[in-house]
1. Which number in (1) away from chain B (no Cβ under 14 Å); (2) part of a helix (DSSP H, G or I); (3) modelled with pLDDT under 85 marks the one condition that residue A:81 misses?
2. Residue A:411 versus (1) surrounded by fewer than 23 Cβ atoms within 10 Å (Cβ to Cβ); (2) at pLDDT 80 or above: which is the lone unmet condition?
3. Mind listing whichever residues of the stretch A:423-445 are modelled with pLDDT of 85 or more, surrounded by 19 or more Cβ atoms within 10 Å (Cβ to Cβ) and within 14 Å of chain B (Cβ to nearest Cβ)?
4. Return yes or no: is residue B:265 assigned by TED's automatic domain parsing to the domain that holds residue B:121, buried (at least 23 other Cβ atoms within 10 Å of the Cβ) and not basic (Lys, Arg)?
5. Please determine, by comparing only the residues of the stretch B:81-96 that are more than 7 Å from chain A (Cβ to nearest Cβ) and not in a loop (DSSP other than H, G, I, E, B), which one is farthest from the chain's Cα centre (by Cα).
6. Specify the residue that is nearest to the chain's Cα centre (by Cα); the eligible residues are those in the stretch B:268-278 that are within 14 Å of chain A (Cβ to nearest Cβ), under 22 Å from residue B:170 (Cα atoms) and buried (at least 22 other Cβ atoms within 10 Å of the Cβ).
7. For a quick check of your reading: which helices (runs of 4 or more DSSP H) sit entirely within the stretch A:330-422 and have at least 1 residues that are more than 12 Å from chain B (Cβ to nearest Cβ) and over 30 Å from residue B:69 (Cα atoms)?
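The values are calculated or read from the model by the stated rules, or taken from the named source; none is laboratory data. Everything quoted here is computed from the prediction, not taken from an experiment. Using ideal geometry, Cβ is built from the backbone for each residue, glycine included, and neighbour counts are taken over all protein chains shown.
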Amino acid sequence: MTATGGLLRQVPRLTMGLLAVPVLAGTAGTLLPAFGVAGLVPGGPGLTAFHALWDWPGLAGAVWLSLVTGVASTVLALAISLGLVASLIGRRGFAGVQRLLSPLLSVPHAAAALGLAFLIAPSGWIARALSPWATGWTQPPDLLILNDPGGLALTFGLVAKETPFLLLMILAALPQTDAARRLTVAASLGYGRLAGFALTVLPALYAQVRLPVYAVLAYAMTSVEMALILGPSLPPSLSVQVTRWAMEPSLTGRGTAAAGALVQLALVAGVLGVWRAAETVVVRALRRAAASGRRGAGLDRIGQPVALACGLVPALALCAGLAGLAVWSVAGLWPFPDALPAGITWQTWTRAAPGLAQAAGTTLGLAVVSTAVALALVLAWLEAEHRFGPDSQTGAMWLLYLPLIVPQVAFLPGLQMLALSSGAAVGWGAVAAAHLIFVLPYVFLSLAAPYRAWDGRIAVLGAALGAGQGRVFWQLRLPMMLAPVLTAVAVGVAVSVGQYLPTLLIGGGRVETLTTEAVALSSGGNRRVIGAYALMQMALPACGFGLALALPRLIFANRRGVGAG
Amino acid sequence: MAISRRVFGALVGLMLAGQAVAEDWQAVTDAARGQTVFWHAWGGDPRINDFIAAVGAKAQARYGVTLEHVKLAATADAVARVLAEREAGRTSGGAVDLIWINGENFAAMKAQGLLHGPFATDLPNWPLVDVAGKPATVTDFTLPTEGFESPWAMAQLVFEYDSARLTAPPADLAGLKAFMLANPGRFTYPQPPDYLGVTFLKQVLYGVMADPGLLQAPVDDAVYLAATPPLWAFLDEIHPALWRQARAFPANEPALGQLFADAEIDIAFAFNPGRASAEIAAGTLPDTVRTFVLAGGTIGNASFVAIPFNAAHRAGAMVVANLLLDPAVQARAQDPAVLGFQTVLDVAALPAEAKARFDALALGVATLAPADLGPALLEPHASWVTRVADDWVRRYGLAP
């Protein structure tokens, strides 16, 4: 074994060690205040915080809301993405879908929610376009569309925001499933498009996108920004209430917030367990369907248009909402029921411009560094796993995913405590390290399955031709993995760009990014400013994505089957 | 013009202590030169951000102090940082030098010993503050500030309406209720425990309580149970007539302002008498918007800056706090084209040149003249706020 091999072998262990400390510190920072051991919890150690949580009359409603909106939006987003892929795969324009999706990934959740809110509110763009000539409304009607108690608006927003992410993940995994040939075989046996996809491609595909689906489920159940803007408030979802407690000016709500965060953690874990069980039920149903021999060709006539429509509506709503914010960013006075602003002004942009360039530079720097480190660690981990077999540490992998499901407001105090007591200087490096904690799991879940699904016979072939393991990795595997790697980079960059609380708290206010600016400004609810910053936040990673998608085409123009989509 | 007795007293005091103060202050400005002060302040309003940047330019030019505005979504973010630093044993070199603060955040930080002070009363510009005429400058939600925070802006609750849609605004609380009942769906308030929503509840309490003086003492069970039923009766009566039949509420002051701008409601309110004029000047509200107050007065308070106990750049922070009390800076803040914040200074007692700056300010088309603004009612004791907000959540926190 060479020295490099020795080091590589240790990478999973090293990465675990590196990340376990901050993750455990963050988790301890949640656990201890919940039991009154730390933080300013009145009454000292005990279950006071849980009693306070129990006393909140909205608890049952909040838990139910988190559950319903989270599960419903994930099921819908998954069904829509799969339906779209099944309907469009191999058709002209399919590759274009991917290019459209990527910029949508980096739309900040708050901006997406505000855009949608402006679209569908009774005083929103749709109502304005139809008033007063069609509706007769000279003032907005008193209709409960946003913040509805059932969480429909919130579910719609989550579907619109999560479908692009899932679609991108599916597209990255698709090349490893040999989908085209499987579909051809299924079609030649007389299977319909959707049925053939479900029976031949889905099993291989789902195994690869399982982790991203779990991430979406966890995110949808714990989202704060979207729930704040689109969700109900009597009571709000559990995650919103946890944030409120954590932000209480009296400083005494932190224990209740921590207890709420633990309930939320248990809820997410429970739902993931049920989801896992449901997977086996679906598998059994698919097996039965396969054994029945029914070709399901009739399914396509209804199924495909439904899938397209269901995909189109949220996508169009999202785009129209963002376009609305873009118009707001240059709007002068824009009263109801005018469909367009009375005047155009660049005031918002000129006001924001001076700080924008520097903040954009910092944002990009942090994103590049944290994503590059995460990518190197994940690739080394996966390669080590491939060469030396799964490490015993792999069993502890769930630890890496904790930062994705523990609410950030509850997780960060512990992390901050660690940074402070380790004497880490506030500033850039500490913030990049904090970003890594949230970027790495996303890079891992974007890359792991496609990487593991790579056809190992290619390596054998390479070795037979005299290539060493290093050469196989650099010249065969990595080039063939380019599409998933670039998708992982895109996701990593988007995650880093979106971090607000870690940047603010760990950076001690010394590190100013587009997002710290944007979130501070959006607390003022000013659509004009939010519109301007949302465009910038989109533009930055979108440039990166554009590059990421164009690169494989440019580099591997001479190789078939390598490259995105 | 006769110098008021209070200012005279302050002047005598200044003469006696003047030498020592001047020397001390010289030491502060010397120490401050070259420092970078990190001012953690809510960053949700571009106009306020611009104002802070202008103060920073002045601090740089006059004292060689660099001012960095750390833009927060909530003041609690800065409080959490200081608290974490204390828990981690970092008693010096803290990341937060100055916080924009008041009310409950101040009470909590002071009670936890997280603030440096007293410092405010040592500032050279302190004697200019209208302590007698604006008692809220030294009493923050009934809590004496004791020099642990320095005021920089006055705020008072005013109601806003569009005179193109509503010709005669209500004159008092009963009139406001009559408006709500006659115009279902055209009024709402931010959802408690949001501070502006709670302020509305306090305003109602002032209107329905037999003896509002009780609000100045810490809440007492018997008093509370006797005093609050009229408040709940009032809310029970108006809720069915509120926006969305009270099945949803705006989250905070900006959200309420947005509903008003979108014409979803006809009457809004804000904690800044100059907000409407400033919005009109910025072209975001129609120039037919006007403001009004309720007979008997509306709640008023002050915004402060405080210095954490472990601030790394204490001297620089004090220089900025003092600069915020400079008459030129205060006049700039009061300019309706800039912020429209009311000054904390006693304008009548200022030297002629400084006073002229304030006299030259236009009022703004929608801003009430000081004489029309009515009395500023004192904030109730913070314990009332907690109790009322908790009870609100218990009563109305679940959609009907």
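1. The single condition residue A:81 does not satisfy is (3).
2. Answer for residue A:411: the failing condition is (1).
3. Within the stretch A:423-445, A:430, A:431, A:434 qualify.
4. Working: assigned by TED's automatic domain parsing to the domain that holds residue B:121: no; buried (at least 23 other Cβ atoms within 10 Å of the Cβ): yes; not basic (Lys, Arg): yes.
When the stated conditions are applied, residue B:265 does not pass them.
5. Within the stretch B:81-96, the match that is farthest from the chain's Cα centre (by Cα) is B:86.
6. Step one: list which residues in the stretch B:268-278 are within 14 Å of chain A (Cβ to nearest Cβ), which gives B:268, B:270-272, B:275-276, B:278.
Add one more test, that the residue is under 22 Å from residue B:170 (Cα atoms), and what stays is B:268, B:270-272, B:275-276.
Filter again for buried (at least 22 other Cβ atoms within 10 Å of the Cβ), leaving B:268, B:270, B:272, B:275-276.
On the way: B:268: 17, B:270: 11, B:272: 8, B:275: 12, B:276: 16 Å.
The selected residue is B:272.
7. Working: elements: A:347-388, A:398-405, A:408-421.
In the stretch A:330-422, A:347-388, A:398-405 are the helices (runs of 4 or more DSSP H) which contain 1 or more residues that are more than 12 Å from chain B (Cβ to nearest Cβ) and over 30 Å from residue B:69 (Cα atoms).
A quick yes/no check of all residues on (1) within 31 Å of the chain's Cα centre (by Cα); (2) surrounded by fewer than 23 Cβ atoms within 10 Å (Cβ to Cβ); (3) away from chain B (no Cβ under 13 Å); (4) touching a residue at least 24 places away in the same chain (Cβ under 8 Å):
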residue	(1), (2), (3), (4)
A:103	yes, yes, yes, yes
A:109	yes, yes, yes, yes
A:116	yes, no, yes, yes
A:134	no, yes, yes, no
A:145	yes, yes, no, yes
